[in-house]
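Here the structure is laid out as structure tokens; the discussion comes afterwards.
The values are calculated or read from the model by the stated rules, or taken from the named source; none is laboratory data. A quick note: this is a predicted structure, and the numbers were derived from the prediction, not measured. Cβ: placed from backbone, ideal geometry, glycine included. Neighbour counts: every protein chain shown.
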Amino acid sequence: MAGGQDIETRALTTIAEFEEAVHLQKTIWGFADIELLPRRLFVVANKIGGQTMGAFDGDKMVAFLIAIPGIKAGGKNYMHSHMLGTLAAYRDKGLGRRLKLMQRDDALARGIALVEWTFDPLELKNAFFNLERLGAVVRRYVPNQYGTTTSHLHGGLPTDRCIAEWYVGSPRVNGIIDNNRQPRPEIVARVAVPADIEEVRKSDSARARAVQTQVRAQFLEHFRNGLEVTGFESTPEAGIYLLSRLEEKA
């Protein structure tokens, strides 16, 4: 298996590549067929201004990304990054970040200021990646966004999601990408998730659900009170979301 830097990242453009991305979904998440993003969605995304990207170890696709264009109130366009997945054997090699930076370069080249996606607040590695490695912020929390799924990774819990907002040309994001961070805003609240939550999901579904319920209540209250997540830190006991006063975004 090649190292991360030997793996090519490129746009996906062919039917065969789209089909391979569909197969990767089942391998990575274990979804039932009805929950897979179909080949035709990749075709449509590719044709209407979305983003379909992949990482390849030789001829083998080992990671992929799909995003579709969206329009907010007032006609403001943005990119909804719907799915990013990497085969287990290729994780922790920086492939996710390479695909996200490729996505950012494409967005900036087309004048798209905002890329959004959802992530599970109990997935602490994803939280760190989104907030500290990419510079996204979070201002919205959606309980059970996708309903209960067949994926073993979701552990039968409601699919609660944070909405990551990635302002790809902002000083915050530029500083993080260029390793020249801006000063952190003042932290006024924290939401802690037990560091062992991944194991808890596998072994104690009742406790996992109780943690999720508590985390949901805290996030919803903080967002009602005008806070946003601007950082993330890890301790041996917990992954901790750091919240600051809401700032207007460009």
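Screening A136 with (1) more than 19 Å from Q25 (Cα to Cα); (2) out of contact with any helix residue (DSSP H, G or I) (no Cβ under 6 Å at 6 or more places or on another chain) gives one miss only, at (2).
So that you can scan it fast, the table gives a plain yes or no per residue for (1) of a type outside the set (S, T, N, Q); (2) at pLDDT 95 or above; (3) in contact with a Leu (Cβ under 6 Å, 6 or more places away or on another chain); (4) on the phi < 0 side of the Ramachandran plot:
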{"residue": "R110", "(1), (2), (3), (4)": "yes, yes, no, yes"}
{"residue": "R133", "(1), (2), (3), (4)": "yes, yes, no, yes"}
{"residue": "A136", "(1), (2), (3), (4)": "yes, yes, no, yes"}
{"residue": "Q145", "(1), (2), (3), (4)": "no, no, no, yes"}
{"residue": "S151", "(1), (2), (3), (4)": "no, no, no, yes"}
{"residue": "R161", "(1), (2), (3), (4)": "yes, yes, no, yes"}
{"residue": "N174", "(1), (2), (3), (4)": "no, yes, no, yes"}
{"residue": "N179", "(1), (2), (3), (4)": "no, no, no, no"}
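Can you list residue pairs whose Cβ atoms sit under 7 Å apart, with the first residue in region 71-82 being free of Cβ contacts under 8 Å to residues at least 24 places away in the same chain and on the phi < 0 side of the Ramachandran plot and the second being aliphatic (A, V, I, L, M) and surrounded by 14 or more Cβ atoms within 10 Å (Cβ to Cβ)? Count only pairs 6 or more apart in sequence or on different chains. Nothing qualifies.
For region 153-170, the criterion of being closer than 16 Å to P121 by Cα, among the hydroxyl-bearing types (S, T, Y) and surrounded by fewer than 16 Cβ atoms within 10 Å (Cβ to Cβ) is satisfied by no residue at all.
Taken together, M61, M79, M53, M83 contain a single residue that is over 18 Å from the mean Cα position of the chain (by Cα), part of a strand (DSSP E or B) and modelled with pLDDT of 95 or more, which is M61. Just need a number here: residues in region 111-142 that are β-branched (V, I, T), farther than 19 Å from Q182 by Cα and not in a loop (DSSP other than H, G, I, E, B). Count: 3. Against the numbered list (1) more than 26 Å from C162 (Cα to Cα); (2) surrounded by 17 or more Cβ atoms within 10 Å (Cβ to Cβ); (3) of a type in the set (A, V, I, L, M), L84 comes up short only at (1).
Per-residue answers, yes or no, for (1) under 30 Å from G111 (Cβ atoms); (2) part of a strand (DSSP E or B):
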residue: W166; (1), (2): yes, yes
residue: R172; (1), (2): yes, no
residue: G175; (1), (2): yes, no
residue: N179; (1), (2): yes, no
residue: Q212; (1), (2): no, no
residue: P236; (1), (2): no, no
residue: G239; (1), (2): no, yes
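Just one of the listed residues (V229, V193) is outside any helix (DSSP H, G or I), surrounded by 19 or more Cβ atoms within 10 Å (Cβ to Cβ), touching a Cys at 6+ places or on another chain (Cβ under 9 Å) and touching a residue at least 12 places away in the same chain (Cβ under 8 Å), and it is V229.
Any residue at all in region 18-26 that is among the acidic types (D, E), in a helix (DSSP H, G or I) and in contact with a Leu (Cβ under 9 Å, 6 or more places away or on another chain)? Taking every residue of region 18-26 in turn, at least one turns out to be among the acidic types (D, E), in a helix (DSSP H, G or I) and in contact with a Leu (Cβ under 9 Å, 6 or more places away or on another chain).
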